[in-house]
Amino acid sequence: MTEKIAELKSRRQEAGRDFIALGIIASAILMFVGIGGKVLPEIFRNWLEMGPGPDPMLVNALLLNIALIIFGWRRYSDLLAELEQHQIAEENARALAETDMLTNCLNRRSITPETDSLINQANGAGKHVAFVMLDLDNFKQVNDCNGHQIGDLVLQTTAQRIKDILPGGSLLARLGGDEFACVVSFDPSHQGSVDQLVNRLIDAVSRPVLTGGQEVEITISAGIATTGANTSAATGALDAKCLLHYADIAMYHAKKQGRNRYFWFETGMEHQLRLRNDLEAGIRKGLTNGEFIPYYEQQIDLHSGELVGFEMLARWVSPELGIVNPDIFIPIAEELGLIGDLSGKLIEQALSDASQWDPAITVSVNISPIELRDPWFAQKMLKLLVKHNFPARRLEIEITETCLHENLGLVRTMITSLRNQGIRISLDDFGTGYSSLSQLQSLPFDRLKIDRSFVGDLAHGKGDSGSKIIDAIIALGDGLSIPITAEGIEDEATLERLKKMGPLKGQGYHYGLPESAEEVRARLTRLGRYRTFPPEGSAMQARIEETKHTAGRRNG
Ligand code: C2E
Ligand code: CA
Ligand code: CA
């Protein structure tokens, strides 16, 4: 596009030079008038034999003038034709610069001025303008699974479906990738018309796209901002740029709330987004600075009361936020694509810590469904085991039931290759994820972990229903020969009830809160189950103590 514009510029300079030529030709015409006025009468007089012929020099000059004028005229008409072409080319270039080539919609550059002029028109007519930001959900997956050609087709179909629904005079732009914006004016007393429109857009876009006998399913998330009073975050006049920003925030909110839905912009969303951005930046920085560390929760054989293992639970020791729990940072790390890296570092640290514990003590680690999609995951685990000379039988990997719904075939392959290395696999949070009996039977789990919500019910007055579910899970485990761990044991009464229900392992706050590596070291040392002692307290432990101290002061 820039080449085209440069070419147009140079042509315009050429045209400027041609105008100078036109000036010279005009002077030639003037000279023709001057010389012709003297020479032509003399020629006529000579023809009529009424006088001598004109001076040959003047005749030559006249002929030269005539030639110059003819040449000049032709050049001038060529020039006019050329100028016309330039104008057309220039208009085409402008149209190209303002259009998205794939969908023929406006693009990011042109939507802002077009929206501003629509706002001006609407203001004059007593109307409001709604800016609707639309973003396809999981479009990357469509591209990855079906190829870019199908991806392009999905984008074109989406654009056409939106165009078909938008009222006349509306604007539609593709802002890039899978992001669209449409702008409509509406009567402020019928704000519901915007909701109706956006609902229709979401419905239309979610119809499957048929391509070569194949159906591609797609959904869309939307955010709405209007020039109306409800977008009260703006202090000045709301222009296109503001609307785009607010609609974008609302759309992002819709994505966070589960996609395939829309939200109107509200002031609080901007605050949430800022918090979220701060968290993202903090997590990235924390990963580089080694602020993520393993904590450990004891796992006990309920009958002997013996400590048999630890579950590693990630903690973020953030200089700004104190000790942050994984429920906050794991989902963000997953979205940022950092979970593999984060998990790898934590597991490595856990293996290094555990290599100094009594070799009878196992280590369980939690794995995100995203990591199970990594075809190299099993190899990465093997590499870590070898690096730390850690026996695979001491490592247990916990996967949640929700993983099973993602891609059962992939999970089965992964579980099989991990088990072939000697690693054991537990099904975590069992009872919350609706796994079917056939799934359980077809997957070679080494352990089921009863979700703590059922164990908690034993103590919270729902004893009967809680115990029936636990009894059922224990019977299931018996039938499938899979041992069981009960999570979330918080008191002696729950422990006593569980002990009567079968041979179980258990864990929970009754045995203490999850502890840092140093605290585990002290515990195992007391039990005589710590093998060697590092020379001095680690730098990280000093940081944990410092963070706890600061957080305590802040909270107090
Ligand atoms: P989870 O695997 O179910 O881990 C047990 C959670 O329950 C832990 O929360 C633990 O502190 C808490 N808990 C233990 N005993 C009790 C109890 O008696 N009562 C109650 N109310 N809670 C108890 P935490 O550490 O906040 O971890 C939350 C979840 O985050 C974990 O649930 C696990 O799914 C995930 N997670 C933790 N570390 C990692 C990790 O390194 N990677 C991945 N992908 N996920 C992790
Ligand atoms: Ca777990
Ligand atoms: Ca669990």
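Can you give the % of DSSP beta bridges in the chain that are antiparallel, to the nearest 5?
Antiparallel bridges: around 60 percent, rounded to the nearest 5.
Among DSSP beta bridges lying fully in region 105-265, give the percent that are antiparallel, nearest 5.
Beta bridges within region 105-265, antiparallel portion: roughly 85 percent.
Over the Cα atoms of the chain, what Rg and Dmax result, in angstrom?
According to the Cα coordinates of the chain, Rg and Dmax are 38.7, 146 Å.
Under 8 Å for C-alpha pairs, at least 6 residues apart: give me the relative contact order for region 105-265, rounded to a whole percent.
Computed value for region 105-265: 30 percent relative contact order.
What distance in nm separates the two pseudo spin-label positions at residue 241 and residue 323, each 7 Å out from Cα along the beta-carbon direction?
Calculated label separation equals 4.6 nm.
Do me a favour and compute the ellipsoid semi-axes for region 105-265 from its Cα gyration tensor, root of five times each eigenvalue, largest one first, whole Å.
28, 15, 14
For region 85-194, count all C-alpha to C-alpha pairs, find those more than 20 Å apart, and express that count as a whole percent of the total.
Cα-Cα pairs in region 85-194 separated by more than 20 Å: 48 percent.
What is the angle, in °, between the Cα long axis of helix 148-165 and the longest principal axis of the Cα atoms in the chain? Nearest 10 is fine, range 0 to 90.
The answer is roughly 70 degrees.
Could you run the Karplus curve 6.51 cos²θ - 1.76 cosθ + 1.60 with θ = phi - 60° over region 350-367 and give me ³J(HN,Hα) per residue in whole Hz, x for Gly and Pro?
5, 5, 5, 4, 6, 5, 9, 8, 3, x, 7, 8, 8, 10, 9, 10, 8, 10
Since every read-out is calculated from the coordinates, none of them should be taken as a lab result. Here the structure is a predicted model, which is why all the values come from computation and not from measurement. Positions of Cβ are backbone-derived with ideal geometry, glycine not excepted, and every protein chain shown enters the neighbour counts.
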